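A short worksheet on the structure shown next.
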């Protein structure tokens, strides 16, 4: 389904969140600190981040601000999952750029519902944008597939396949990169 980055330094909480996300069909990457999280985001932009505030080194709050300031990550959905439960902390987290805020201890069912809600809000934008991968352009608005030697209206089946590609653009770009480098067969 979605690629989700969990940024959490407490291994037990990170594993609990990751297991629930994987069970729901998501692809999960775990980072234990802000530096590792930034490396993961730089490599492949996730669909959503679950971010702890209190991390070793740079705080999750600082990382959320950094992501909001950068054009590539400005619209990256972020849920802060933290032990900081005071009203002023919640306001600071949301003002720093978190889209949602959940205090520990937390209900895994509530966290999963909040993740589903954020992913639903993100999906309509993704479905309307044309995507270009390896010289092939998929345009949902005109239902056309175009490339260097191809330019034709798409059938319902092709349109459905294109929708799946659009929802997994980052994954497709990673695969395309591996193929170009000769790392995949």
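Only one entry of 76, 21 meets the criterion of being closer than 22 Å to residue 121 by Cβ, in contact (Cβ under 8 Å) with a residue 24 or more places away in the chain and touching a helix residue (DSSP H, G or I) at 6+ places or on another chain (Cβ under 6 Å), and that entry is 76.
Remark: residue 83 matches the filter, which requires a residue to be over 13 Å from the mean Cα position of the chain (by Cα) and free of Cβ contacts under 8 Å to residues at least 60 places away in the same chain. Among the conditions (1) touching a strand residue (DSSP E or B) at 6+ places or on another chain (Cβ under 7 Å); (2) within 16 Å of residue 8 (Cα to Cα), the only one that residue 90 does not satisfy is (2).
Counting only residues that are over 15 Å from residue 4 (Cα atoms) and either surrounded by 20 or more Cβ atoms within 10 Å (Cβ to Cβ) or in contact with a strand residue (DSSP E or B) (Cβ under 9 Å, 6 or more places away or on another chain) (or both), region 68-85 holds 5 of them. Among the residues making up region 50-67, a single one is surrounded by fewer than 17 Cβ atoms within 10 Å (Cβ to Cβ) and touching a strand residue (DSSP E or B) at 6+ places or on another chain (Cβ under 7 Å): 54. For region 101-150, a residue qualifies if it is in a strand (DSSP E or B) and either at pLDDT 95 or above or loosely packed, with under 12 Cβ neighbours inside 10 Å (or both), and the qualifying residues are 101, 102, 103, 150.
The values are calculated or read from the model by the stated rules, or taken from the named source; none is laboratory data. What you see is a predicted model, and the numbers here were worked out from it, not measured in a lab. Ideal geometry is used to build each Cβ from the backbone, glycine not excepted, and the neighbour counts take in all protein chains shown.
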